[in-house]
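These notes are about the structure you will find just below.
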Amino acid sequence: MDIPDISKPATLLIEKVANSIGVLYEPTRIVKKAKAEAIAHKILKLSEIEIDEIDQRSISRLLIEERYKQVNIENVIKQALPLLMPNANPEKISNDWLINFFDKVKTISDEYLQNIWSSLLANQANYPGLYSKKTISIVSEMDKKNAIDFQNLCKFVFNVNDENIVLIYNHEDEIYKKNDIKFYELTIFETLGLVKFDVLDYLITGLDVTTNLIYGNKKYSLLSVKQKKSISTGKVLFTPYGKELAGLCKGNYNQEIFNYFEHVFQKEGFEIISRE
C-alpha cells in the first residue's frame, strides 16, 4: 500500500497487522522490485515442471481468490488509518483478535460494509479490547441490509450513565415504522444475538434524581420530577454484543425521535434538560 506521510499510530497498526497475519507492507518502490523478482522466479520454476490443464486452472483460481481477499484486507486497513486517534494503541490489540478479524474481512467487498469494518478496526486500535471476538463474528453474519437496519435501530439509542440503551416501546407506532423498525427486523437482531425481544417491558433501575443522558452527540440531564428511580425502556434490550456495536452509531440525532421520547419520558414523570 502506497500511503505517504502516515502517522505513528498508523505505522504501528500496519506493523501489528503484518506481525499478526503474516503480510509485510513496505514502501512501494521495494514492493515493485520484489514483485518483479518474484514473477521472474515463478516463471522459471513453472518452466521446470509440467502441469496439466486442471492444475493450471487451479493455480489461476487460487491466485485470483487470494488477490481478491488481499484487496479487501488492504481497503479496510487504508480506510481505518484516518480514524486512528493520536494516542491509539494498536500494538495492544490481541493477535488472536486480529487473525479472527481479518479472516472475516477478506470476504467483504461491499464498500458500505468495508466502512463498518474499518471503523471496528480503528476503534479497537483506539480502545484495545473494545470489541469481543463474538461481536466480530456477529458482524460477519450481517449482510448490507442487516447493517443498514441496525443503523436505523441506533436512532432509538440513548446513552444513560455511559450505557447504550435502545428504546422500543411499541414497534407498531408510526415513529418506528417510518424508520424501518418492524417486527421482522427485531427478530433478525435477536437471532443474530444483538438484542433480546420480549412482550414485557425492560426497566432501567437505580436512577438518581438527575441522570446523565446523551442522544446523538448532545448532552442532557434526565430529571426525575416524581423522585422515581426506574423507567421503562420498552420491549427490546441490547445484549453485551449489541451494546458494543451500538457504539459505532454515534451522532444519529433525529429531532422527531427525540421529541417522541421527550413526550414518553414526561408521561413517566421525567424531564429532559439540555446541558449545552
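The values are calculated or read from the model by the stated rules, or taken from the named source; none is laboratory data. Please read these numbers as outputs of a predicted model, since none were measured by experiment. Positions of Cβ are generated from backbone atoms using ideal geometry, with glycine treated the same way; all protein chains shown enter the neighbour counts.
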Q: Take residue 40 and decide whether it is part of a helix (DSSP H, G or I), modelled with pLDDT under 65 and of a type in the set (Gly, Ala, Ser).
A: yes
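Conditions tested, residue by residue: (1) in contact with a Pro (Cβ under 9 Å, 6 or more places away or on another chain); (2) modelled with pLDDT under 95; (3) of a type outside the set (Ser, Thr, Tyr); (4) surrounded by fewer than 20 Cβ atoms within 10 Å (Cβ to Cβ).
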{"residue": "77", "(1), (2), (3), (4)": "no, yes, yes, no"}
{"residue": "101", "(1), (2), (3), (4)": "no, no, yes, no"}
{"residue": "135", "(1), (2), (3), (4)": "yes, no, no, no"}
{"residue": "149", "(1), (2), (3), (4)": "no, yes, yes, no"}
{"residue": "166", "(1), (2), (3), (4)": "no, yes, yes, no"}
**Q.** Odd one out for residue 122, checked against (1) assigned to a loop (DSSP other than H, G, I, E, B); (2) of a type outside the set (Val, Ile, Thr); (3) crowded, with 20+ Cβ neighbours inside 10 Å
**A.** (1)
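Table: residues versus (1) in a helix (DSSP H, G or I); (2) within 13 Å of residue 167 (Cβ to Cβ); (3) without any contact (Cβ under 8 Å) to a residue 12 or more places away in the chain.
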| site | (1), (2), (3) |
| --- | --- |
| 197 | no, no, no |
| 207 | no, no, no |
| 233 | no, yes, no |
| 236 | no, yes, no |
| 257 | yes, yes, no |
| 260 | yes, yes, no |
Q: Looking at (1) among the aromatic types (Phe, Trp, Tyr); (2) under 25 Å from residue 196 (Cβ atoms); (3) not assigned by TED's automatic domain parsing to the domain that holds residue 207, find the lone condition where residue 169 falls short.
A: (3)
Q: Select from segment 209-231 the residues that are surrounded by fewer than 18 Cβ atoms within 10 Å (Cβ to Cβ) and in a loop (DSSP other than H, G, I, E, B) and list them in ascending order.
A: 209, 217, 225, 226, 227, 228, 229, 230
Q: From 46, 62, 13, grab the single residue that is at pLDDT 65 or above, part of a helix (DSSP H, G or I), in the same structural domain as residue 119 (by TED's automatic domain parsing) and surrounded by 12 or more Cβ atoms within 10 Å (Cβ to Cβ).
A: 13
(Q) If I ask for residues that are among the hydrophobic types (A, V, I, L, M, F, W, C), within 28 Å of residue 114 (Cβ to Cβ) and modelled with pLDDT of 90 or more, which ones from segment 237-256 would you list? (A) 238, 245, 246
